[in-house]
Amino acid sequence: LLAIAASELNYPRARRQVTRAARWHETARQRARYLAAMGSLLRAFPMTMLPVLVYALIALPLGHDAMENGLNAPLFSAMLPSGADWVVARGDALLTFAAACLFVEIIKATSSRRSVMIENGLSVLAFTVSLVAFILVPACGTNEFFLIMGMILMDFIASFVVMTVSPRRDVQFS
């Protein structure tokens, strides 16, 4: 009888603990759904757009001549063991960043998810917008922007080729 009376006394507290645990579990489930949705949204975003966005944020306020001078300005230099002075310009760093983004995009293209198709469509849109900006916006008429635009085109072509070749490889005939 004493044990039954003690459990009855603790019942509201135990019930509150169960309710808190259920709320925490539901909140964790909602957070997981939110993170999954954000992850698929980020997976569908073409990474090759990042260098274009960085370029546009810097170039549009500056104009063509200031942007050209800014891209040719040295970012850092290092003395090599051979005695040569290695100078890396800002434009070179931007192109290296664009190449790294292209590498990530090609790796992402090997996945067989629906987000790859969305990303491929967004890559076409990104290339079209970049081409129009290259032709019509004076600040975007530099060699660096042209090469970044070429990387976006290569991203689209590589993704398209991977999407068409991968299904053929996955099909097995007995």
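Would you be able to say whether some residue in the range 67-74 is open to solvent by less than 40 Å² (accessible area, probe 1.4 Å), assigned to a helix (DSSP H, G or I) and closer than 26 Å to Ser159 by Cα? Within the range 67-74, not a single residue is open to solvent by less than 40 Å² (accessible area, probe 1.4 Å), assigned to a helix (DSSP H, G or I) and closer than 26 Å to Ser159 by Cα. Every listed requirement among (1) touching a residue at least 12 places away in the same chain (Cβ under 8 Å); (2) open to solvent by less than 70 Å² (accessible area, probe 1.4 Å); (3) among the aliphatic types (A, V, I, L, M) is met by Ala100 save one, (1). Within the range 92-105, identify whether any single residue is part of a helix (DSSP H, G or I), in contact with a Gly (Cβ under 7 Å, 6 or more places away or on another chain) and of a type outside the set (S, T, N, Q), and answer yes or no. No, the range 92-105 contains no residue that is part of a helix (DSSP H, G or I), in contact with a Gly (Cβ under 7 Å, 6 or more places away or on another chain) and of a type outside the set (S, T, N, Q).
Screening the candidates Gly91, Gly83 for the property of being free of Cβ contacts under 8 Å to residues at least 60 places away in the same chain, touching a helix residue (DSSP H, G or I) at 6+ places or on another chain (Cβ under 9 Å) and among the small types (Gly, Ala, Ser) yields one hit, Gly91. Ala139 meets all of the listed conditions (1) at pLDDT below 90; (2) farther than 16 Å from Met49 by Cα; (3) outside any loop (DSSP other than H, G, I, E, B) but one, namely (1). Scanning the range 126-161 for residues that are among the β-branched types (Val, Ile, Thr) and open to solvent by 30 Å² or more (accessible area, probe 1.4 Å) turns up Thr128, Val129, Val132, Ile135, Val137, Ile157, Val161.
The values are calculated or read from the model by the stated rules, or taken from the named source; none is laboratory data. No experiment lies behind these values; they were computed from the predicted model shown. Positions of Cβ are generated from backbone atoms using ideal geometry, with glycine treated the same way; all protein chains shown enter the neighbour counts. All accessible areas refer to the heavy atoms of the entire protein, side chains included, with ligands and DNA or RNA removed. Shrake-Rupley method; radii C 1.70, N 1.55, O 1.52, S 1.80 Å.
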